[in-house]
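S.K.: Before anything else, here's the structure in question.
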Amino acid sequence: MGSLPALIAVLALVVTLVLVVAYTLATGVSPMPTGRAARASLLGELPADIGGTVFELGAGWGGLAAALARRYPTRSVVGYELSPVPWLFAALGRWCTGPANLTLRRADFLRADLSPAALVVCYLCPAGMARLRPKLEAELRPGSVVVSHFFALPGWRPDEPVVRAADAARSPIYRYRFPRCLARTVAPGGEPGRNP
């Protein structure tokens, strides 16, 4: 009888690991937390105030989403996470400690309406960034800011200079202002055009 709690704990751990791995394989994005040094550098790159909603795409375990909500207490902060285990962890943390202006949604941010965004923050792998780019270009309002930890948005020009976090990897923090960030080239015939 004494081994039943241990068996339940082991089964819960196995189910948790299987769910995390399954959603990582399905989405191509693993729920990696943003380290403290990188989080501090990222928060330092954010505008002092914004005039709309803050989105964190791929909110994972919820630490950065909570920090964003504390940074902008008068703004709505919405974190999207599809993987159930990190989302549940983040939702429990939000339920226990707040902040009240933070909403965590277990949903695919590629299906969400990002048009109210004044600020979008993400820490996604290159494939996730490539899928996100056309959505941002279709939905962001002029003046919206996008801040990405570690991975750049393909074809977008970040504000200069790219900041390096004080972590062991010297993680890059990219900041973009839409639509100024769209890379421009000169197409044949002298007409400006966008890079693909």
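The values are calculated or read from the model by the stated rules, or taken from the named source; none is laboratory data. Since the structure is predicted, the reported quantities are computational estimates derived from the model, not experimental observations. No Cβ is skipped: glycine too gets one built from the backbone with ideal geometry, and neighbour counts run over all protein chains shown.
S.K.: For the range 93-107, give me each residue that is under 27 Å from residue 18 (Cα atoms), surrounded by fewer than 16 Cβ atoms within 10 Å (Cβ to Cβ) and at pLDDT below 95.
M.R.: Selection gives 95, 96.
S.K.: Considering only the range 97-122, state which residues are acidic (Asp, Glu) and either within 14 Å of the chain's Cα centre (by Cα) or under 25 Å from residue 41 (Cα atoms) (or both). Give the steps one after another, and end with the answer.
M.R.: Keep residues of the range 97-122 that are acidic (Asp, Glu), which gives 108, 113.
108, the sole residue that qualifies.
S.K.: So if I check each of 117, 112, which one is out of contact with any helix residue (DSSP H, G or I) (no Cβ under 7 Å at 6 or more places or on another chain) and either within 26 Å of residue 37 (Cα to Cα) or loosely packed, with under 15 Cβ neighbours inside 10 Å (or both)?
M.R.: On the way: 112 fails: either within 26 Å of residue 37 (Cα to Cα) or loosely packed, with under 15 Cβ neighbours inside 10 Å (or both).
The match here is 117.
S.K.: Evaluate the following for residue 146: is it in contact with a Phe, Trp or Tyr (Cβ under 7 Å, 6 or more places away or on another chain), among the aliphatic types (A, V, I, L, M) and over 25 Å from residue 85 (Cβ atoms)? Walk me through it before giving the result.
M.R.: Details: in contact with a Phe, Trp or Tyr (Cβ under 7 Å, 6 or more places away or on another chain): yes; among the aliphatic types (A, V, I, L, M): yes; over 25 Å from residue 85 (Cβ atoms): yes.
The answer is yes for residue 146.
S.K.: Oh, and also: Answer yes if at least one residue in the range 162-176 is modelled with pLDDT of 90 or more, touching a Pro at 6+ places or on another chain (Cβ under 7 Å) and in a loop (DSSP other than H, G, I, E, B), and no otherwise.
M.R.: yes
S.K.: Out of all the residues in the range 63-90, which are of a type in the set (Gly, Ala, Ser) and either surrounded by fewer than 19 Cβ atoms within 10 Å (Cβ to Cβ) or modelled with pLDDT under 95 (or both)?
M.R.: Keep residues of the range 63-90 that are of a type in the set (Gly, Ala, Ser), which gives 63, 65-67, 69, 76, 79, 83, 90.
Correct list: 63, 76, 83, 90.
S.K.: With the condition kept exactly as written, say whether any residue in the range 130-143 is among the basic types (Lys, Arg), part of a loop (DSSP other than H, G, I, E, B) and closer than 21 Å to residue 41 by Cβ. Write out each step before concluding.
M.R.: So in the range 130-143, the residues among the basic types (Lys, Arg) come out as 131, 133, 135, 141.
Checking which are part of a loop (DSSP other than H, G, I, E, B) leaves us with 141.
Keeping just the survivors that are closer than 21 Å to residue 41 by Cβ gives none.
Among the residues of the range 130-143, not one is among the basic types (Lys, Arg), part of a loop (DSSP other than H, G, I, E, B) and closer than 21 Å to residue 41 by Cβ, which makes the answer no.
S.K.: Within the range 135-162, restricting attention to residues that are more than 15 Å from residue 54 (Cβ to Cβ) and small (Gly, Ala, Ser), which residue is surrounded by the fewest Cβ atoms within 10 Å (Cβ to Cβ)?
M.R.: Checked the range 135-162; the qualifying residue surrounded by the fewest Cβ atoms within 10 Å (Cβ to Cβ) is 138.
S.K.: Here are the criteria: (1) surrounded by 22 or more Cβ atoms within 10 Å (Cβ to Cβ); (2) free of Cβ contacts under 8 Å to residues at least 40 places away in the same chain; (3) of a type in the set (Gly, Ala, Ser). Tell me which single one residue 60 does not satisfy.
M.R.: Here residue 60 meets the rest and fails (2).
S.K.: Considering 25, 42, which residue is closer than 19 Å to residue 173 by Cα and at pLDDT below 95? Steps first, answer last, please.
M.R.: Numbers: 25 fails: closer than 19 Å to residue 173 by Cα.
When all the criteria are applied, what remains is 42.
S.K.: If the Cβ limit is 8 Å and pairs must be 6+ apart or interchain, which residue in the range 112-128 that is on the phi < 0 side of the Ramachandran plot pairs with which residue that is in a strand (DSSP E or B) and of a type in the set (Phe, Trp, Tyr)?
M.R.: 112/55; 112/80; 114/55; 117/55; 119/55; 120/55; 121/55
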